[in-house]
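*Asks:* Can you read through this structure? Questions will come right after.
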Amino acid sequence: MSDTPQSSTNRRGMIQRSLATAAGAAAIVTSSSLSAEESVPAMNKQPSANDAKQGRLNQSVCQWCFGKIPLPEFAAKVSAMGMVGIDLLTPAEFGTLKEHGLVCTMVSSHPLPDGLCDPQFHDMALEKLNTAIVATGAEGWKNVICFSGNARGIDRKTGMKNCVDALKKIVPVAEKAGVTLQMELLNSKVDHPDYMCDNSEWGVELVKQVGSDNFKLLYDIYHMQIMEGDIIRTIEKNHPYYGHYHTAGNPGRHELDDTQELCYPPIARAIADTGYQGYFAHEFLPTRDPMTGLQEAFDQCVV
């Protein structure tokens, strides 16, 4: 049956009204969807990293990696970024840190290769450790680094005994000063051939034998990824023995980015979840703009 002119007009009107209604409904749905989508970033937005009070980790950085930047300039930038301090400086540099409201989160002491596993270096190492402990304690700061040193043919059992003997002489000084000695775990495969304290098992046993809350391990994530991997599980198992952490990408010891195999946000969360209250220091070698890389590393670890 053919349409009359009037029925055609009515049908066109109905179609136009239906289209208008559908368009209006679509506009409402689209508007609602956009509003919902726009609200997601607001709900999931990460806090700005430019505030030292954000996150559960007290982040700091090792200045030697950024040595082309003069310390006063570097300290100003680090402070503005929200970090709490700088690692591996000497008492002569404390004044610069204090000018910028920073602390030395790990104080340097004796040379890395010439350490406590070899008795020929005990007198030198203990003298330097004593000086560093006294200066650190006078500031009310907490950490002084120490090293097992290279084995030079000494077996691990003897090396541990030598370390225990040396540490038991100096740990009472640290206890009196309220300072913790931190022996760093370093890889002996790539960066430090012959270094004795190169795995968690040996280091944890050393801490147990020394038997003081003022002696712990510096767990360097980069180094231990090379030596043993299984980073998060190892931290969860051994965290009472770790008093300090260092970061870097692997391979290459560079930025904490997608060119390397370590994913730092879950590692940072795992450390924070242990209730850790110490310092978490970045120690990578920049391959691009150094402060951009440092800001990116800091942001990843605000957890």
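*Asks:* My understanding is that a pair violates if its Cα-Cα distance is over 30 Å; which of 98/168; 128/157; 157/216; 77/208; 68/161; 68/169 do that in this structure? Intermediate results must be reported in sequence, preceding the final value.
*Replies:* Working: 98/168 32 Å; 128/157 25 Å; 157/216 19 Å; 77/208 39 Å; 68/161 40 Å; 68/169 38 Å.
Over 30 Å Cα-Cα: 98/168; 77/208; 68/161; 68/169.
*Asks:* Now for a separate question. If each Cα of segment 49-108 is one equal point scatterer, what is log10 of I(q)/I(0) from the Debye formula at q = 0.27 Å⁻¹?
*Replies:* One equal scatterer on each Cα of segment 49-108 leads to -1.18.
*Asks:* Using only the Cα atoms of segment 66-161, construct the convex hull and provide its projected area averaged over every direction, in square nanometres to one decimal.
*Replies:* That works out to 7.2 nm².
*Asks:* Moving on. Let me know the Rg and Dmax you get for segment 190-270 when you use only its Cα atoms, in Å.
*Replies:* Here Rg and the maximum Cα pair distance are 13.0, 40 Å.
*Asks:* When only alpha-carbon atoms count, how far does segment 236-294 stretch along each of its three principal axes, as whole angstroms with the largest first?
*Replies:* Largest first, segment 236-294 extends 35, 19, 15 Å along its Cα principal axes.
*Asks:* Mean 1/r over all different Cα pairs, inverted: what Kirkwood radius does segment 115-167 give, in Å?
*Replies:* 11.7
*Asks:* Computed from the mean reciprocal separation of all distinct C-alpha pairs, what Kirkwood hydrodynamic radius does segment 126-265 have, in Å?
*Replies:* 15.7
Here, each number is a calculation from the coordinates, and none is a lab measurement. Predicted, not measured: the structure shown is a model, and the values here were computed from it.
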